[in-house]
Structures are given as C-alpha cells and as structure tokens.
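Report on the following structure.
The values are calculated or read from the model by the stated rules, or taken from the named source; none is laboratory data. None of the values given here were measured: they were computed from a predicted structure. All Cβ positions, even for glycine, are placed from backbone atoms using ideal geometry, and neighbour counts span all protein chains on display.
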C-alpha cells in the first residue's frame, strides 16, 4: 500500500462475518468479507499463521485455509483444537461454537478506506 | 414451471417443538423434513433397543407427528425424517398406531428405508476386507472392536426417492446424509437422475443450508443487531425450481432474517474443503451465487457437482470411559485470585489432576470459551472442574464428593449451584469415522409387506 495511506486499527468484525463449528477434534471457522476489497485484503492478511497465532492456547495442530471467492469467503480448519473433540472433550465449548466470535474480536491494522466503503453493512454502525 | 417448497422444522433432536406445526400451518409447503439423529444419538438408541426391543427411535418424533399428520395428509404434504434411528420398523409400527388413533390410517402410507445399520454385520465386513480404519488416526478397528456401541453408514437419497415413487407419504429412515432428505424430493419431483451432478449438487447445497434450522434464518448470526426479533423464529423453507436454482426464505410474520449473509454463514458452517462430499454427489460449495431477491428471500444459483465418491462414510460409536463435571461460583472482589486458590485446593482434595486420565478446570466468565477478551477483573467466576477416566468408581468416589465441601472450606464468597446435586460419572461415547465400499451397503425400501432392495 502507498506510504501516505491512512490506516486504522479495528476488530475483524468491522471487515467480516464468521461462523464456527466442529468436525471431531477439528474446528472450522468460515469467514465472509463485507466487500470485494476486503476479500482481497483477507486473502493477503488473514493467513493460517494469523489464525494459528490468535488461537495459540487452543489450537494444537495445523491451520488450513480454503477459498470460496463466490461467497467472498475463506474457510479455516483448526486441527486438534477442541480438546479431543465432541464427547471426549472436557472443554466447555467442545464444538467450537464460540471460536468465530473470538476470531472477529482480533484487532487488525487496515487502510481506512476499507472500512468507510462498507460502513452501511458493518456490524456496529456509527 | 413447477416449483417445490421444502420445509425444515428443526436442526437437531431437541430443537423447538413448536416448529413442525408452525411450518405446516404458516403457509403452503410440499414437503416437511425432520432431523433427529445427532452422531451420539445412534449409540443411545442402540442401547435403548438392547434393553427393550420395540424401541430404538426418538419417541419425540411421535408427538411432533401428532401435531402435523392430519393437516399433512389433508393437504398432500409428504414427511421425510430420519426418526427411524436404529429401528425404523419399530418406528413404523408406532406411526401406524398413531395414524389409527387419529382416524386417518387409510390415508397414511409409511415407507421405511433400511441398510445404513452395520452394527450387526461389522465382523462380516471386517472379514470381507473392509478394514474400517479410523479416517483421522489410521488406527485399526480391532483396537476398539469390543467397545463398539453402534455403526451406521451415511446413505444417500436413492431409498427415499424409491419410497416417494411408490407413493409413501411418511418416509422414515435411519442414518442418511443430512442433506439427502431435502435432495430426495427434488430428484423425485423433477426426475433428476443419479448422475445429474449439477442438479444433485444444487439439492445438497439447499439441504445443507436448511439442515440446521434457524441457523440460516438469522440465528447464530454475526450481525445480530440487524435481526429485528428472535420471537417466533422462522424456520427455513427452500423453493426449488426444476433447473436446481432455489430461494431460501421463511413464512411471513415470523422472527429472524434471511439475507445473503445469513445464508452465506450457513454455507460455510461445519465444512472442510469447498468440494463437499456426500453419498450422492460431490457438491462444489465454491460454485454457487447468492442474491437478495426480496425481503427475507435469497436466491441461490449456479451449483456445480462432480461424481459421487467411491466410498461411503461410516460413523462407529464406542465406549470411551466416563466423565463428570462440577461447578462452584466464586464471587468478587478478587474473583480470579480466589478461583485459582479454590482450584488448587480442590485438586489437592480430589487426589491431584494426574490421578485421572484427563482433568482440567476452566473459569466460566473469564476464559472458558477462549482466551480472555478484556483486561478488567471479572465480577464473578464460575469454576468448572472436569475429569475423564476409564474408572467410573474413581470419579464418583474421589472427584464428585470433593466439590461442595470447598464452599465451606476455602475462600470466602463461594456459592453452590442449587440444581446441580453431587456430580455423577456419565458414559463417554466416542466416534470412529471410517469408510466402506458402496457394494457393502444395500438400501432396502419397505412399504407395507413389499420389501425391495435397490
């Protein structure tokens, strides 16, 4: 990005929506961008490494990412993240139902225009 | 052009019991699909049937059916459900009795789909060269063979289609792929063949979107402030056309929201790679386009499919020990520091964490779902202790009795959860995902006395 571009620090929820669930001991988090420009940003910045870092305490395995450009979406698989999964797990959220909300709380530094372009759809309107 | 309306009335066994009636009475529908089988359910039902031979299916289904069956037969609405559990024939007997009771026996034609239940034929399968290794770990089934509680293949839509062709209006299956109950009526009504991959994929996408009930109509939705009300949540409908395009919607005057975003969130729910494997087709979830057609109406087009996979998925459940949970509420000030102190004292009294196969505690209200979000001190913390072990007695004699005494014997300001009682160990049922050859599974469809293998 150009060096004179202004950036803002925002929680991911300003940029995207997400839903999470489980398959055995793997959690999935589907992330949907609020615009095409944001989707491009996601492809570059919302990497498996980013997600792995954010879920450092919970995710014991690899993080994979798949792209669904038709939905402006990416799908993350967080392997070995549910304490054994399903009925074996002793974790309160053994199905990863809350993981999407936790990901959306992550703060990121983005070009200001990315936010303004989509304020009408944003989760918290200002 | 023919248009088919399929209504879902629940995302799991235990969903809103008013949904079936509301879906039938809320507007015109052609099919009502009802889901009762979570993975763990099959193990519970297999045990139930072992104790009492006529059982083995979710009894709640009958009360839901009582609410809607007269209206369905009168309006020609056909019902498709996996409520057969591990005993579809037993379930049929109960449905016939219900129809008799309601005075509509002559208008109810029950079709049964069998073939998914591999519990009785596991050893035959193993000796015939189906290793049933664990897909995730690669372990051989022999490691847990003696502990197996149930084994079911996820079968496709073919049996349901056959039952529809033969005129059944209540179709009861055991384990079928979740989306198959929605795909089958489309295949039947539109004459889609079993190799019509793009159409089949459209049906699977539709089925996947509605199979979790209100999760596509505004429930569990990121932008929750946009949902005007959760009151009388609308359960999903799909209006499908012959070309496989469909609209996701809900009845008028219901709560919730159907938008491109509520539907997109559900498409990516509990999926892996975008090539979504089902017994009938590999549906490309990266092919469909969503468009807001009107208020609470989202059109889905462009589904593409690829040939069905060579093998079927099997879910095998097995006994994996025992577990228990116990909770204490620690109030502030200094709730976190006190909670840590209680945890330390509790494990000491319970023999130490290392005395169990697995043991942990979590601070609900602070970090139980994920790492803490705020830096501020929580006002109170619910401490949840949990253990898992192969020894049921150890849990009941060493873990369980040590929870409540901590109220009197540790830090100040702990209150006990009134309705909890002393924890008791409950059985852990674990799952063993495996694959089986299609040849090893034969669907059978029974209507009346006519039993046809397909």
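Quick check on this structure: which one of B:182, B:157, B:94 is out of contact with any strand residue (DSSP E or B) (no Cβ under 9 Å at 6 or more places or on another chain), modelled with pLDDT of 95 or more and crowded, with 17+ Cβ neighbours inside 10 Å?
B:94
Take residue A:58 and tell me if it is touching a strand residue (DSSP E or B) at 6+ places or on another chain (Cβ under 7 Å), at pLDDT below 95, within 11 Å of chain B (Cβ to nearest Cβ) and over 28 Å from residue B:259 (Cβ atoms).
Here the answer is no, as residue A:58 does not meet what is asked.
Looking only at the stretch B:369-383, count how many residues are crowded, with 18+ Cβ neighbours inside 10 Å and within 14 Å of chain A (Cβ to nearest Cβ).
Residues in the stretch B:369-383 being crowded, with 18+ Cβ neighbours inside 10 Å and within 14 Å of chain A (Cβ to nearest Cβ): 5 in total.
For the condition under 22 Å from the mean Cα position of the chain (by Cα) and closer than 24 Å to residue A:105 by Cα, what is the one hit in B:182, B:202, B:264?
Among B:182, B:202, B:264, only B:264 is under 22 Å from the mean Cα position of the chain (by Cα) and closer than 24 Å to residue A:105 by Cα.
Could you check the stretch B:1-89 for strands (runs of 3 or more DSSP E) lying wholly inside it with 1 or more residues that are in contact (Cβ under 8 Å) with a residue 60 or more places away in the chain and under 12 Å from residue B:235 (Cα atoms)? Outline the logic, then answer.
Details: elements: B:3-8, B:31-34, B:78-81.
Of the strands (runs of 3 or more DSSP E) lying wholly inside the stretch B:1-89, those with at least 1 residues that are in contact (Cβ under 8 Å) with a residue 60 or more places away in the chain and under 12 Å from residue B:235 (Cα atoms) span B:3-8, B:31-34.
Which condition number in (1) out of contact with any helix residue (DSSP H, G or I) (no Cβ under 7 Å at 6 or more places or on another chain); (2) within 14 Å of another protein chain (Cβ to nearest Cβ); (3) within 24 Å of residue A:81 (Cα to Cα) is the one that residue B:354 fails?
That leaves (2) as the condition not met.
Filter the stretch B:280-338 down to residues that are in contact with a helix residue (DSSP H, G or I) (Cβ under 7 Å, 6 or more places away or on another chain), surrounded by fewer than 23 Cβ atoms within 10 Å (Cβ to Cβ), away from chain A (no Cβ under 14 Å) and under 30 Å from residue B:425 (Cα atoms), then give me how many there are.
Matching residues across the stretch B:280-338 total 0.
Looking at (1) in contact with a helix residue (DSSP H, G or I) (Cβ under 6 Å, 6 or more places away or on another chain); (2) in the same structural domain as residue B:274 (by TED's automatic domain parsing), find the lone condition where residue B:193 falls short.
(1)
Of the residues that sit in the stretch A:102-122 and are within 23 Å of residue A:29 (Cα to Cα) and out of contact with any strand residue (DSSP E or B) (no Cβ under 8 Å at 6 or more places or on another chain), which one is modelled with the highest pLDDT? Explain how you work it out, then say what you get.
Taking the stretch A:102-122 and keeping what is within 23 Å of residue A:29 (Cα to Cα), we get A:102-110, A:114-115, A:118, A:121-122.
Filter once more, keeping what is out of contact with any strand residue (DSSP E or B) (no Cβ under 8 Å at 6 or more places or on another chain): A:102, A:114, A:118, A:121-122.
Values: A:102: 96, A:114: 92, A:118: 52, A:121: 49, A:122: 48.
So, considering only residues that are within 23 Å of residue A:29 (Cα to Cα) and out of contact with any strand residue (DSSP E or B) (no Cβ under 8 Å at 6 or more places or on another chain), the one modelled with the highest pLDDT is A:102.
Going by the structure shown, is residue B:264 in contact with a helix residue (DSSP H, G or I) (Cβ under 7 Å, 6 or more places away or on another chain), part of a strand (DSSP E or B) and surrounded by 24 or more Cβ atoms within 10 Å (Cβ to Cβ)?
Taking the combined requirement at face value, the residue does not satisfy it.
Which numbered condition in (1) surrounded by 18 or more Cβ atoms within 10 Å (Cβ to Cβ); (2) facing another protein chain (nearest Cβ under 10 Å); (3) modelled with pLDDT of 95 or more; (4) within 20 Å of residue B:273 (Cα to Cα) is the only one that residue A:65 fails?
Just one mismatch for residue A:65, condition (2).
Could you pull out the residue among B:102, B:125 that is outside the structural domain of residue B:176 (by TED's automatic domain parsing) and at pLDDT 95 or above?
One residue alone meets the criteria, B:125.
Can you pull out every residue in the stretch B:339-369 that is in a loop (DSSP other than H, G, I, E, B) and without any contact (Cβ under 8 Å) to a residue 12 or more places away in the chain?
Passing the criteria: B:352, B:367, B:369.
With the checklist (1) within 9 Å of chain B (Cβ to nearest Cβ); (2) buried (at least 16 other Cβ atoms within 10 Å of the Cβ); (3) within 21 Å of residue B:269 (Cα to Cα) in hand, flag the one item residue A:80 doesn't pass.
(1)
Go through (1) part of a helix (DSSP H, G or I); (2) at pLDDT 95 or above and name the single condition residue B:445 misses.
So residue B:445 meets the others, but not (1).
Testing residue A:46 on (1) in contact with a helix residue (DSSP H, G or I) (Cβ under 9 Å, 6 or more places away or on another chain); (2) at the interface with another protein chain (Cβ under 9 Å from one of its Cβ atoms), one condition comes back false. Which one is that?
Here residue A:46 meets the rest and fails (2).
Determine, yes or no, whether residue B:315 is in contact (Cβ under 8 Å) with a residue 40 or more places away in the chain, within 30 Å of residue B:210 (Cα to Cα) and in a strand (DSSP E or B).
Values: in contact (Cβ under 8 Å) with a residue 40 or more places away in the chain: yes; within 30 Å of residue B:210 (Cα to Cα): yes; in a strand (DSSP E or B): yes.
Yes; evaluated as a whole, the condition is true for this residue.
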